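Before any comments, here is the structure.
Read-outs: derived from the displayed coordinates by stated rules, not from any lab. Please read all numbers here as calculations on a predicted model, not as lab measurements. Cβ sites come from the backbone with ideal geometry, for glycine too, and all protein chains shown count toward neighbours.
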Amino acid sequence: MLLYIYNYEYLSSFLRCKKDFDKIIIHTDREILPKCNTFDSQISGNHVFVDPCQRIIKYLKLMQNGSYNKIDGCRYLNFYINEQVNSTYRNPSTEVPYKTFIETFISNYSELNICKDNLKIIPKEIMSNMKKIYDMYIKLDKVINATDVKKDNICSKIDECYETYMSFQNKCKNGSENELCNALENFRNFYLVNSQRVMRCTDDTKFPSFKVAQEYTSDQDDSPNPPDLQFPHGQDDPAGLLGMKESLGQDDSSSKSSNSKTVTAISTTLLLFPTLFSLYKFTPLGSLIRPYIQRNQKVQYNANDEMLQLYLPNYKAQDNINKEQLNVPYHS
């Protein structure tokens with residue numbers, strides 16, 4: 001069953017797929033051309049789908065060779081088929097023509113079945129938004145890979161991207177187009193990751209974030225968790241932000257643990273001190289441990305005198321400090 005569902009998030013992977021797709025050279029192929037002629041005659045009869053058919057078949061062969069991720073390739077292929085159907089059939093709904101295209105193509109070339117899980121109708125409005133964002137990727141990629149940005153007015157493509165990007169601002173403000181706004185955020189990340197190359201043209205063009213703020217879930221201690229970071233599909237944390245997030249989480253956990261240990265130690269000390277003092281002062285335990293305390297004091301006094309005599313030759317030990325007091329009766 002074809003579903004009216006499509007996710008914008010895969011647009012970031014289309015750029016690489018397009019580069020492979022553009023390398024396909026259409027020529028008279030004795031094996032492919034007869035199939036595509038038959039396919040076209042069954043759905044249009046005016047040869048509009050002969051070239052797209054050949055490109056699709058050759059692209060499927062590239063995918064079967066394992067040159068890159070099959071899922072990305074199938075998603076791009078579905079986008080391409082929707083684009084071809086939309087450009088040929090101008091009616092508001094293209095569900096029937098799309099379904100006819102897929103079923104007829106598979107009947108002539110069953111290899112398309114490897115993408116059956118990713119073949120979905122894309123409504124025209126969503127398709128229009130996807131094409132605009134996809135076009136921004138293409139334009140920015142030309143700036144990034146340009147050897148000389150002064151040629152062919154290449155830097156003007158940044159202004160064109162900015163104009164398209166800002167045209168979505170109102171849609172994102174009302175909060176009803178979350179997937180669309182997340183796709184724009186992915187493009188913004190792509191722009192930031194390649195900012196050094198872009199700065200050859202301009203350093204003052206800023207793409208604001210349209211991503212809708214999400215409410216954080218809280219732990220039992222009411223401490224907010226940081227939000228999950230999202231990156232363009234096919235990119236493994238280009239700016240190292242996930243590592244930063246994990247590091248911050250570990251630091252926060254270590255800080256909490258350290259603070260907890262400190263509070264426990266202070267509380268224990270405050271509780272033990274009055275208890276020990278009471279035992280020493282008001283119970284027989286004090287009389288038992290008092291001689292040991294006096295003996296330690298005596299040893300400490302002797303050690304101090306020895307140190308002072310070693311470093312101060314003129315120093316005389318004060319014996320009366322170390323000697324126990326004698327109770328000598330006084331006779332008048």
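Observations on the model:
- In whole angstrom, the stretch 1-122 maps to an equivalent ellipsoid with semi-axes of 20, 19, 13, each derived as √(5λ) from the alpha carbon gyration tensor and ordered largest first.
- Listed by Cβ neighbour count within 10 Å, with the fewest neighbours leading, Val149, Val96 appear as Val96, Val149.
- Per-residue 3J(HN,Hα) values for the stretch 121-130, derived from phi via the Karplus relation 6.51 cos²θ - 1.76 cosθ + 1.60 with θ = phi - 60°, read 5, 10, x, 4, 5, 5, 4, 4, 5, 4 Hz in sequence order (x marks Gly and Pro).
- Using θ = phi - 60° and Karplus 6.51 cos²θ - 1.76 cosθ + 1.60, couplings along the stretch 42-48 (whole Hz; Gly, Pro as x): 7, 10, 9, x, 10, 6, 6
- Legend: distances between Cα atoms for Lys18/Lys157; Lys19/Lys206; Lys19/Lys171; Lys132/Lys173; pairs beyond 24 Å are Lys19/Lys206; Lys19/Lys171.
- Each residue of the stretch 136-146 is assigned a 3J(HN,Hα), and the resulting list reads 5, 4, 5, 5, 5, 5, 5, 5, 4, 9, 5 Hz, derived from the Karplus form 6.51 cos²θ - 1.76 cosθ + 1.60 (θ = phi - 60°), x at Gly and Pro.
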